[in-house]
Every structure is written in C-alpha cells, then in structure tokens.
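Here the structure comes first, spelled out in structure tokens, and everything after it is commentary.
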Amino acid sequence: MKVRLDCYGRHKKVKPLNNDFRVKDFSGFVMSKIEVHISSLVVRAQPNYLDTLIKQISTFDEAEVYGSNSEGKIVVVVETSQQTFVSEVIDKINAFEGVLSVSLIYHQVDDQKSLARECV
C-alpha cells in the first residue's frame with residue numbers, strides 16, 4: 001500500500017487492483033480511479049503490404065490509423081483500459097505479414113474522470 005498526497009495536501013492510501021485504483025484517505029473516504037492508456041505507435045511495413053495492414057489494424061476496436069506514407073510507415077493511436085492491452089495490440093500488429101517493426105512512440109496514463117472534464 002502506497003501513501004500519496006492529493007491535490008489538497010491530504011495523505012491518501014493507494015491500493016492497486018487491476019486497472020481500478022481504489023484511493024482511500026485517512027478519513028475513510030474511498031473513490032475509484034479507472035485508467036485510460038493512450039499510446040501512439042509507428043508501424044514500419046513493406047510498402048507492398050501497406051493497404052492490407054491498414055485494413056487489418058483498423059479492425060481492432062482499440063486502434064485507429066491516423067496516417068501513412070508510401071514508404072511504409074503507419075501511425076496508429078491505441079486507447080485501452082490497461083497497459084497490458086497496449087502490449088497485446090503491439091504483439092498482434094507485429095505478427096502481421098509485411099510488418100518490419102512496431103515502435104511505441106508515446107504512452108499516457110490518465111483517468112476517465114479527468115478526461116471527461118477536459119472534454120466538457
């Protein structure tokens with residue numbers, strides 16, 4: 001169990017439970033934090049497989065192709081609820097025929113409540 005300070009300087013105990021973090025301060029108040037993992041990947045592929053790979057990657061619910069070029073580079077954004085899911089998407093893409101490499105370029109962890117506040 002870790003102890004952290006919240007934004008008001010109060011001590012809180014943090015106990016990880018999968019991707020659902022239950023945060024409890026010393027007064028006994030409990031709140032839940034659901035994580036959102038946003039990652040960007042660059043997929044290097046053989047140019048003759050580009051269209052096929054874009055279609056295959058687009059079938060993933062958690063992945064979106066943001067762009068590509070004729071040299072075989074594909075930019076993919078992945079949004080998942082757990083870090084292990086990001087790794088699974090990378091492994092699945094890496095297993096496709098024509099893929100030379102998959103690089104994790106960016107990874108951000110946020111909670112759903114703060115993302116919802118930013119979108120309002």
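Before moving on, here are some points about what is shown:
- In the range 31-64, the residues that are among the β-branched types (Val, Ile, Thr), crowded, with 17+ Cβ neighbours inside 10 Å and not in a helix (DSSP H, G or I): 36, 43
- No other residue among 93, 74 is of a type in the set (Val, Ile, Thr), assigned by TED's automatic domain parsing to the domain that holds residue 48, more than 18 Å from residue 36 (Cβ to Cβ) and not in a strand (DSSP E or B) apart from 93.
- Residue selected from the range 65-104 under the condition surrounded by 15 or more Cβ atoms within 10 Å (Cβ to Cβ) and among the aromatic types (Phe, Trp, Tyr), by the criterion farthest from residue 44 (Cα to Cα): 85
- Across the range 93-120, the number of residues qualifying as modelled with pLDDT of 65 or more and among the hydrophobic types (A, V, I, L, M, F, W, C) comes to 9.
The values are calculated or read from the model by the stated rules, or taken from the named source; none is laboratory data. Given the structure is predicted, the values throughout are model-derived calculations rather than measurements. Cβ: placed from backbone, ideal geometry, glycine included. Neighbour counts: every protein chain shown.
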